[in-house]
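Before I ask anything, let me first share the structure, which is written out below as C-alpha cells.
The values are calculated or read from the model by the stated rules, or taken from the named source; none is laboratory data. Because the structure is predicted, anything quoted here is derived from the model rather than measured. Cβ: placed from backbone, ideal geometry, glycine included. Neighbour counts: every protein chain shown.
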Protein chains: 2
Amino acid sequence: MNMGAECHHADGAHPGLRGHALSHALGAAESRCAATQERLTAPRRRVLELLLESNAPQKAYDLIAAFGAQGEPAKPPTVYRALEFLERLGFAHRIESLNAYVPCRIDGQSHRAAFLICDCCGAAEEFEPDFTAQLAAARTAGYEVASITLEARGRCAACRT
Amino acid sequence: MNMGAECHHADGAHPGLRGHALSHALGAAESRCAATQERLTAPRRRVLELLLESNAPQKAYDLIAAFGAQGEPAKPPTVYRALEFLERLGFAHRIESLNAYVPCRIDGQSHRAAFLICDCCGAAEEFEPDFTAQLAAARTAGYEVASITLEARGRCAACRT
DNA sequence: ACATCTCCTGTTATGAGATAACATAACCTG
DNA sequence: CAGGTTATGTTATCTCATAACAGGAGATGT
C-alpha cells in the first residue's frame, strides 16, 4: 500500500472533524443508536472518533495503534469488533481494495457505498451511488441483493494538475 | 469465509471447463498473449488453468496448494505473480470482498468488472457492467478513472428457492 | 557465437490483516 | 437478585501477501 507515498499534493480537501464538529457527529451517532436499541459503547465510540478525525482511509492496525489515549494500542479484536458494529449500523465503510476503513459521509444505515479512490494521494471520496442499472441486471439474473459496493480507482482533480 | 459452508444447494450452474473447452480457452489466451508480446509462461498458464477448471472463486492459497501436478504446493510468490499477470491482461479478476480470484468470463483486457456474489453457495457471477452513471459522477467530481469494480452480495436464484 | 539487456522464476523470510476460542463483565428484564 | 443476552478482555493463531536477492531463459545486436 502506498497511500500517498508518491504524491506531493496536499490532501486537505477533506479534513477530518475536530472539536465541535466531531462532538456533534458523535452525538448524532449516539442518538441514532439510542433510537434503535443499539449501544455506542466506549470502544465503538473511540473507533468512530478515530475515523471521523481522519481525512484518509484508516487501516485497522492504524486504528489499533492510535486507540489508547496515552499511546497504548488496542488488541486487534477490540477494533475489529468495533468496525463490524460501525459497518453494520452504516457509520463506517470498509474499502475492500485498500483494506481500510472510512466513516460514512453520506447517510445512515445504507448498505450501499461507492468510492472514488485516488491512487496518487490516497484520498477516498464517497459519492451517492446510483446503482439502478446494476440492480436491474442483478434482478434479471435472479439475484436478491443485500449489499453493494463500488470502488473506482484513478486520479483526483488535484493530482491531475 | 464460509463459501457455501451453510448452503445445501448444488453449485453446478457454472461448471468449470474441462477437456476440449479448457484447451480451447488456454489456446485463446496464448493467442492473445502472442498478439501483445506477452508470454503465457508455465506458471501463468497453470494458474489460469486452475482458475478455468473451477466453478467457484479460488483463494490464492487454494491455488498454491493445487499448483503442482503431484500435489506439491507452489511457493506463494509464484502464484501471486501469476495472478498479477493474469489480472493485468484481463484474464482474471480479484474479488476483493472474498480475497479470491476468478477467470474473466466476459471479454478481454477490461479493467472493469462487476460481480453478483451469493452469500449462500459462494458462487460469483460476472456480469457486463454498465457504469455509465458512476463514471459520470466521477467525471463531475474531477476524477480520471483508471479501473472500476463492483461487488453485489446477496442470494442467487437457486439459493432463494 | 557470445555479450548484454530484460523479463521471469525460485527461494527464504517476514510483514500485514483478521479471527477463533474462552473467560469475564456489563446491561437488561422480570 | 437471578438468569439471559450482549459486549469486552486476552491469548494465540490463522490467513493473506510481499520484500529481497540469486539465478535462468529469451531476445537483440554485432
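Could you list, in sequence order, the residues of the range A:53-72 that are within 12 Å of DNA strand C (Cβ to nearest atom) and not charged (D, E, K, R)?
A:Pro57, A:Gln58, A:Ala60, A:Tyr61, A:Leu63, A:Ile64, A:Ala65
Let me ask something else. Looking at A:Cys159, A:Cys118 in this structure, which one is of a type outside the set (Ser, Thr, Tyr), crowded, with 21+ Cβ neighbours inside 10 Å, more than 7 Å from every other protein chain (Cβ to nearest Cβ) and in contact with a helix residue (DSSP H, G or I) (Cβ under 8 Å, 6 or more places away or on another chain)?
That would be A:Cys118, the only listed residue that is of a type outside the set (Ser, Thr, Tyr), crowded, with 21+ Cβ neighbours inside 10 Å, more than 7 Å from every other protein chain (Cβ to nearest Cβ) and in contact with a helix residue (DSSP H, G or I) (Cβ under 8 Å, 6 or more places away or on another chain).
Taking the options A:Pro77, A:Pro73, name whichever one is at pLDDT 95 or above and assigned to a helix (DSSP H, G or I).
On the way: A:Pro73 fails: assigned to a helix (DSSP H, G or I).
On inspection, the qualifying residue turns out to be A:Pro77.
Could you please let me know if A:Glu38 is at pLDDT below 95, within 15 Å of DNA strand D (Cβ to nearest atom) and either within 14 Å of another protein chain (Cβ to nearest Cβ) or not in a helix (DSSP H, G or I) (or both)? Before you say what the answer is, go through the steps one by one.
Numbers: at pLDDT below 95: no; within 15 Å of DNA strand D (Cβ to nearest atom): yes; either within 14 Å of another protein chain (Cβ to nearest Cβ) or not in a helix (DSSP H, G or I) (or both): yes.
Against the criterion (at pLDDT below 95, within 15 Å of DNA strand D (Cβ to nearest atom) and either within 14 Å of another protein chain (Cβ to nearest Cβ) or not in a helix (DSSP H, G or I) (or both)), A:Glu38 does not qualify.
Does B:Ala113 qualify as being in contact with a Ser or Thr (Cβ under 7 Å, 6 or more places away or on another chain), of a type in the set (A, V, I, L, M, F, W, C) and either within 14 Å of chain A (Cβ to nearest Cβ) or within 30 Å of A:Arg160 (Cα to Cα) (or both)?
Yes; evaluated as a whole, the condition is true for this residue.
Same structure again: Consider the range A:114-153. How many of its residues are assigned to a loop (DSSP other than H, G, I, E, B) and in contact with a His (Cβ under 8 Å, 6 or more places away or on another chain)?
The total comes to 3.
With respect to A:Leu98, determine if the residue is surrounded by 15 or more Cβ atoms within 10 Å (Cβ to Cβ), within 14 Å of chain B (Cβ to nearest Cβ) and within 16 Å of DNA strand D (Cβ to nearest atom).
Judged against the criteria, A:Leu98 is a match.
Inside the range A:133-156, can you point out the residues that are more than 7 Å from every other protein chain (Cβ to nearest Cβ) and loosely packed, with under 15 Cβ neighbours inside 10 Å? Before the answer, list the steps.
Pass one, the range A:133-156, residues more than 7 Å from every other protein chain (Cβ to nearest Cβ): A:135-136, A:139-140.
Scanning the range A:133-156 gives A:Ala136, A:Arg139, A:Thr140.
Can you pull out the residues in the range B:75-84 that are more than 12 Å from the chain's Cα centre (by Cα) and either buried (at least 20 other Cβ atoms within 10 Å of the Cβ) or away from DNA strand D (no atom under 12 Å from the Cβ) (or both)?
Matches in the range B:75-84: B:Val79, B:Ala82.
Same structure again: Quick one: is B:Leu52 crowded, with 18+ Cβ neighbours inside 10 Å, of a type outside the set (Lys, Arg), more than 14 Å from chain A (Cβ to nearest Cβ) and under 14 Å from B:Glu125 (Cα atoms)?
Yes: the conditions hold for B:Leu52.
When you look at B:Leu63, is it more than 27 Å from A:Ala114 (Cβ to Cβ) and either within 14 Å of chain A (Cβ to nearest Cβ) or more than 14 Å from DNA strand D (Cβ to nearest atom) (or both), yes or no?
No: the conditions fail for B:Leu63.
Related question: Kindly indicate whether B:Glu151 is touching a Phe, Trp or Tyr at 6+ places or on another chain (Cβ under 8 Å), within 15 Å of DNA strand C (Cβ to nearest atom) and not assigned by TED's automatic domain parsing to the domain that holds B:Pro43.
Values: touching a Phe, Trp or Tyr at 6+ places or on another chain (Cβ under 8 Å): yes; within 15 Å of DNA strand C (Cβ to nearest atom): yes; not assigned by TED's automatic domain parsing to the domain that holds B:Pro43: yes.
Yes.
Matching residues to (1) at pLDDT below 95; (2) closer than 18 Å to A:Glu53 by Cα:
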position	(1), (2)
A:Leu86	no, yes
A:Ala92	no, yes
A:Glu96	no, no
A:Arg105	yes, yes
A:Ile117	no, no
A:Glu128	yes, no
A:Arg139	no, no
